[in-house]
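The values are calculated or read from the model by the stated rules, or taken from the named source; none is laboratory data. Model, not experiment: these values are computed from the prediction. No Cβ is skipped: glycine too gets one built from the backbone with ideal geometry, and neighbour counts run over all protein chains shown.
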Amino acid sequence: MELTPRTQAVAAGRLTAAGQPLNPPIVPASTYVAGGHYSYAREDGTPTWAALEEAIGELEGGRATAFASGIATVAAVLDQFPVGTEVAVPTYSYSGTRGLLDHAARMGRLKVRRIDPGDSEGWTAAAGQVDLLWVESPTNPTLELIDFAPLAGQRARVVVDNTFATPLGQRPLSLGADIVVHSATKLIGGHSDLLLGLTVTADETLARALHDARTRNGATPGALEAWLALRGLRTLPVRLAEQSRTAGLLAERLAEHPAVSRVRHAGTMIAFELADAAAAEKFCAGLGLIVHATSVGGVESLVERRAKWPGDAHVPPGLIRFSVGLEDPEDLWRDLAQALA
Ligand SMILES: *Cc1c(COP(=O)(O)O)cnc(C)c1O
């Protein structure tokens, strides 16, 4: 039976044999009795990781491998490419990804080309010239979209960081991407209580290679983290729908506010600009309900002035990234309005 993503999020990765627990249990194993499917967890995984990998693999349409964090998936993908590889990355994109690429460039391992997310000619040219396109869409924190489908199938391999869209928003493998990566720390986990990443690819050779990279480098997820991420996934469709609805409403109101100069909105995320760094810091400090904290994608609303981080110093100084949670939209608006006043 063909299931929709909403149903897959609930039904995939479950045990179905008689007498088994409905939810795959937490298995905190490093080693297994010899002779079976599993021998050592860093190599073969655990039943808890396997359940999460099965569910995300089904949603994205490929084979998933779980890692210790989102950034560990970036390292595992780059591990597939030799010294001298040229990577194109959006100017505005997750600062940790750009930091990792810049470090590899300083060490003489990679060449990095930065392309504005909106420069479609630049992306088209790069697809025929570089070895790897590192796409993020929507971008963190500027919430711009990159039309990556036309870039696939050329010289460059295409990796899509699908953290902000989630597999319910877009399925990049079906649009021609070679690899999808996720920080499940964000929307998939959804409760700001874990770090975990996943790679997904429909190419069996690449899937084995990414799995081997995890074994080699040892960036394995924790048992509790994998269990929590799968638990989080079960409610992702309703969280995403509700938080996106609230984000749409608040983005409209923010756009009408005289203190706000530019509002962008994608899914559960809003980016808006205040006059300058001082106004933005004052706003963050003046909130009562919405928490001033880094990260995104949880059930609780968070704001942050991104340009305060060295890796995002080129972002407009007054830009606030607002991760919209599950609170009552009217409570959120009252808090925003009083902090903007
Ligand atoms: C947070 C984030 C990452 C890194 O994930 P971690 O789990 O923090 O290592 C990668 N990409 C995007 C878009 C992110 O928001």
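Within segment 299-313, restricting attention to residues that are assigned to a loop (DSSP other than H, G, I, E, B) and without any contact (Cβ under 8 Å) to a residue 60 or more places away in the chain, which residue is surrounded by the most Cβ atoms within 10 Å (Cβ to Cβ)?
Ser301
Among the residues of segment 25-55, count how many are farther than 30 Å from Arg6 by Cα and not polar (S, T, N, Q).
Looking only at that region, the number is 12.
Checking Val260 against (1) more than 16 Å from the ligand (Cβ to nearest atom); (2) without any contact (Cβ under 8 Å) to a residue 60 or more places away in the chain; (3) of a type in the set (A, V, I, L, M, F, W, C), which single condition isn't satisfied?
(2)
State all residues of segment 138-191 that are of a type in the set (S, T, N, Q) and farther than 28 Å from Ala313 by Cα; if no residue qualifies, say none.
Gln154, Gln170, Ser174
I'm trying to understand the selection: among the residues of segment 314-333, which are part of a loop (DSSP other than H, G, I, E, B) and among the small types (Gly, Ala, Ser)?
Gly318, Gly325
Counting only residues that are in a helix (DSSP H, G or I) and acidic (Asp, Glu), which one in segment 98-121 is nearest to the ligand (Cβ to nearest atom)?
So, considering only residues that are in a helix (DSSP H, G or I) and acidic (Asp, Glu), the one nearest to the ligand (Cβ to nearest atom) is Asp102.
Output the residues belonging to segment 256-298 that are charged (D, E, K, R) and either closer than 14 Å to Ser323 by Cβ or assigned to a helix (DSSP H, G or I) (or both).
Within segment 256-298, Glu256, Arg264, Glu281, Lys282 meet the criteria.
Could you list all residues from segment 1-41 that are of a type in the set (Lys, Arg) and in contact (Cβ under 8 Å) with a residue 60 or more places away in the chain?
Arg6 - this is the single residue of segment 1-41 that is of a type in the set (Lys, Arg) and in contact (Cβ under 8 Å) with a residue 60 or more places away in the chain.
Of everything in segment 217-237, what is touching a helix residue (DSSP H, G or I) at 6+ places or on another chain (Cβ under 9 Å), of a type outside the set (A, V, I, L, M, F, W, C) and farther than 11 Å from Ala66 by Cα? Give them in sequence order.
Residues satisfying the conditions are Asn217, Gly218, Gly232, Arg234, Thr235, Pro237.
Of Ala259, Ala279, Ala293, which residue is at pLDDT 95 or above, in contact with a strand residue (DSSP E or B) (Cβ under 7 Å, 6 or more places away or on another chain) and not polar (S, T, N, Q)?
The match here is Ala293.
With respect to Arg208, determine if the residue is more than 10 Å from the chain's Cα centre (by Cα) and either buried (at least 22 other Cβ atoms within 10 Å of the Cβ) or without any contact (Cβ under 8 Å) to a residue 24 or more places away in the chain (or both).
Against the criterion (more than 10 Å from the chain's Cα centre (by Cα) and either buried (at least 22 other Cβ atoms within 10 Å of the Cβ) or without any contact (Cβ under 8 Å) to a residue 24 or more places away in the chain (or both)), Arg208 qualifies.
Determine which member of the set Ala177, Ala271, Ala229 is within 16 Å of the ligand (Cβ to nearest atom), buried (at least 24 other Cβ atoms within 10 Å of the Cβ) and free of Cβ contacts under 8 Å to residues at least 60 places away in the same chain.
Among Ala177, Ala271, Ala229, only Ala177 is within 16 Å of the ligand (Cβ to nearest atom), buried (at least 24 other Cβ atoms within 10 Å of the Cβ) and free of Cβ contacts under 8 Å to residues at least 60 places away in the same chain.
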